[in-house]
1. For the range A:106-128, give me each residue that is within 14 Å of chain B (Cβ to nearest Cβ) and within 24 Å of A:Gly33 (Cα to Cα).
2. Looking at (1) of a type in the set (A, V, I, L, M); (2) out of contact with any Pro (no Cβ under 9 Å at 6 or more places or on another chain); (3) within 13 Å of another protein chain (Cβ to nearest Cβ), which one does A:Ala262 not meet, given that it meets all the others?
3. Looking at the range A:194-205, which of its residues are buried (at least 16 other Cβ atoms within 10 Å of the Cβ) and β-branched (Val, Ile, Thr)?
4. Conditions: (1) closer than 16 Å to A:Pro58 by Cβ; (2) surrounded by 16 or more Cβ atoms within 10 Å (Cβ to Cβ). A:Val104 meets all but one. Number of the miss?
5. For the range A:137-148, check the following and say yes or no: at least one residue is within 14 Å of chain B (Cβ to nearest Cβ) and either at pLDDT 95 or above or over 17 Å from the mean Cα position of the chain (by Cα) (or both).
6. In the list A:Phe243, A:Phe255, which residue meets the criterion of being under 16 Å from A:Glu13 (Cα atoms), in a helix (DSSP H, G or I), out of contact with any Cys (no Cβ under 7 Å at 6 or more places or on another chain) and of a type in the set (A, V, I, L, M, F, W, C)?
7. Of the conditions (1) modelled with pLDDT under 75; (2) in contact with a Lys or Arg (Cβ under 8 Å, 6 or more places away or on another chain), B:Leu54 satisfies every one except a single condition; which number is it?
Amino acid sequence: MSEHGGPRASLAEFAAPPVVEVALGAQFRPLFGLRPIELAGLRERWRDRYPLVQEQPPLPPAIESFSLAPEVQFVIGPALQTRVWFLDQEQAELVQVQHDRLTVNWRQTSDGAPYPRYPHVRGLFEDRVAELRAHVEEAGVGSLDITQAEITYINSIEPDDGRQGRLDQVLRYWQRPVQHHLGEPEQARAALVFPVAGIGTPPVRMYVAADPAQRQDGRRILIFTLTVRGAPVDEGVDATLRFMDQAHDHVVRSFAELTPEAMHERWERRQ
Amino acid sequence: MTQLLDRPIAGASTLYPRHPVPPAGLRAAEDFYLQGQQPMREIAIQVSGPDASLRRTWLASHMEQQINALLRLRSGWDGRRALPPTDAAVRSAVGL
């Protein structure tokens, strides 16, 4: 995690943050003409940087609304849609495209690979969204009208001795149930939702979650996820990037404020 | 009915994906509500020869077997929202 810069309160900075994935994404008004075959032009444009391609099931829309209850969302259009992944050779940089969404991911695909920092990932998103917008206009399938933006930080935290009930090692205010007759829980999870004021068009929310997980090598970890999602002030790319910058600041502040100071030493907090 | 408030987050994550999976029973219930009870269907293909006799050709038998296998598919056979073949689709296939 690092300071973004600008005339704001200085943000916490960590030399060795536990981040393993960052995703910057935008949802836009559905472009049903943006079928996989129409992505062939993007495939060629991106082939050098992203030589690998995979297909995945599409993600459902995730639109912030004033009701916290799950809502049924109807999308009228062709049923057969897909999500295409464009990956670099190391599979660390990933671009996800579907008819109503673009997301750029950085992933730690090898142990110890350093987090390239927010400006780098933001730059990737800025370039990809510009290229997608140009492609959409050239293909004549519509225009990119962005309705939601989101950023997600996913952190992998190894609790002492793999004890996944130790949420106190992730959340500063978690109180261990030491008096419980069954002892320490084997696993624990927590979820927090915060309204975020002052950025984008309300409602904007931050979702924080701590969940048990297991790495491919079998090590038991806790995944600490922070997501900010909402509508930018308008449907243009500039507003989306401003939203992401502000959302990033909230994520960095929340990461520092919600996690225990004892862990900050492990992550080498610099300020 | 008390409803759990549960919103999917971080859907675009890939290393530890959080895709919400609706319960199979919920999908079956939704399909029943939208389409009604699906009756069991089966076809038999009979070919009439030039002398109006009914024949049982290999091709007809093979098609019958394949189409009836497809007609036994239930809603959601692909694990998502796929529907079984319609009567019109079956008629078209047989017609071809």
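1. Selection gives A:Phe125, A:Arg128.
2. (3)
3. A:Val196, A:Ile199, A:Val204
4. (1)
5. Checking the range A:137-148: at least one residue is within 14 Å of chain B (Cβ to nearest Cβ) and either at pLDDT 95 or above or over 17 Å from the mean Cα position of the chain (by Cα) (or both).
6. A:Phe255
7. Here B:Leu54 clears every test but (2).
To keep it simple, each residue is scored yes or no on (1) free of Cβ contacts under 8 Å to residues at least 12 places away in the same chain; (2) surrounded by 15 or more Cβ atoms within 10 Å (Cβ to Cβ); (3) over 30 Å from A:Ala40 (Cβ atoms).
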| position | (1), (2), (3) |
| --- | --- |
| A:Val141 | no, yes, no |
| A:Thr147 | no, yes, no |
| A:Ile154 | no, yes, yes |
| A:Ile157 | no, yes, yes |
| A:Gly165 | no, yes, yes |
| A:Asp168 | no, yes, yes |
| A:Val178 | yes, no, yes |
| A:Ala188 | no, yes, yes |
| A:Leu192 | no, no, yes |
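The values are calculated or read from the model by the stated rules, or taken from the named source; none is laboratory data. Keep in mind that this is a model prediction, so the values were computed, not measured. Quick reminder, even Gly has a Cβ in these numbers, built from the backbone with ideal geometry, and neighbours come from all protein chains shown.
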